[in-house]
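The values are calculated or read from the model by the stated rules, or taken from the named source; none is laboratory data. It should be emphasised that the depicted structure is a prediction, and the values quoted were computed from it without experimental measurement. With ideal geometry, Cβ positions are generated from the backbone for all residues, glycine too; neighbour counts draw on all protein chains shown. Heavy atoms of the whole protein, side chains included, go into the accessibility calculation; ligands, DNA and RNA do not. Shrake-Rupley method; radii C 1.70, N 1.55, O 1.52, S 1.80 Å.
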Amino acid sequence: MIHDLSITLSEKTLPFLPANDPYMKWESIANHAQHNVQVSYPQFSSHLGTHVDVPLHFIEGGKSTAEIDLSKYCGQAVCLDVPNVRADVVLDFSELFESSKALIRPGDIIIFHTGWEDKAGTTEYFEYPEFHPNTGELLTKLGANGIGMDLPSIDYGGSIHRDLLGRGLSIIESLINLKPLIGKRFYFSAVPLKFEKGDGSPVRAYAITD
């Protein structure tokens, strides 16, 4: 079964509000009535909707979406449930990883379900909790390839981003429809578009379960 984990993009999709990103614009440059074909010219932030972050986003001279290791953004994954999440709580996954040892394997992309996706499309969605500074160290010990989550970001200042991206871990943000995947292993893909100078990219993230 294929699970679509992506936010639908349109001119109404809320951009990343903390950074005052622009709204998406969708211009038609050819249409069926006049040209017998439809061609569009979209304009959008590289971090709109469900998207990936790559090293260049926070690390000067870091790898772009054209240069990253694709295996960090697709492959075997596991979805862990993170209950009782509030905006004022720092997310420390130490106990969660300890209790999930039997499920997590080296090379996994670890997906966090927090229920925050229920706020998607509202301004409250962008008042999110931050990850604990120990996250990168914990993921490295597990041998993880990266993380994904139903939050729009993992921190406000960028220090957690820099740590994870500096360790070669992928970051996939603003996933949706994660509930059916909780506690399961599956194939996951969120591969970015190949922009030469891409610091991130919207993606059509999906999971495949048996």
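Descriptive notes on the structure:
- Some residue of the range 70-92 being at pLDDT 95 or above, within 17 Å of the chain's Cα centre (by Cα) and open to solvent by 70 Å² or more (accessible area, probe 1.4 Å): yes
- In a residue-by-residue description of the range 122-130, the property of being in a loop (DSSP other than H, G, I, E, B), under 26 Å from Asn20 (Cα atoms), among the β-branched types (Val, Ile, Thr) and more than 15 Å from the chain's Cα centre (by Cα) applies to at least one position.
- Check on Leu151, among the aliphatic types (A, V, I, L, M), free of Cβ contacts under 8 Å to residues at least 60 places away in the same chain and touching an Asp or Glu at 6+ places or on another chain (Cβ under 7 Å): yes
- Close Cβ contacts (under 7 Å, 6 or more residues apart or on different chains) running from residues in the range 30-43 that are open to solvent by 100 Å² or more (accessible area, probe 1.4 Å) to residues that are in a helix (DSSP H, G or I) comprise Gln38/His32.
- From Ile208, Ile176, Ile109, Ile160, residue being open to solvent by 20 Å² or more (accessible area, probe 1.4 Å) and more than 22 Å from Phe44 (Cβ to Cβ): Ile208
- Hey, Thr65 surrounded by fewer than 16 Cβ atoms within 10 Å (Cβ to Cβ) and at pLDDT 95 or above or not: no
- Of all residues in the range 178-191, those being out of contact with any His (no Cβ under 6 Å at 6 or more places or on another chain), in a loop (DSSP other than H, G, I, E, B), within 26 Å of Asp69 (Cα to Cα) and not basic (Lys, Arg) number 2.
- Any pair with Cβ under 6 angstrom, 6 or more apart, that starts in the range 69-89 at a residue that is farther than 15 Å from Ala207 by Cβ and ends at one that is among the small types (Gly, Ala, Ser) and not in a loop (DSSP other than H, G, I, E, B): Lys72/Gly146; Lys72/Ser170
- Glu95 being closer than 16 Å to Thr140 by Cα and either part of a loop (DSSP other than H, G, I, E, B) or open to solvent by 50 Å² or more (accessible area, probe 1.4 Å) (or both): yes
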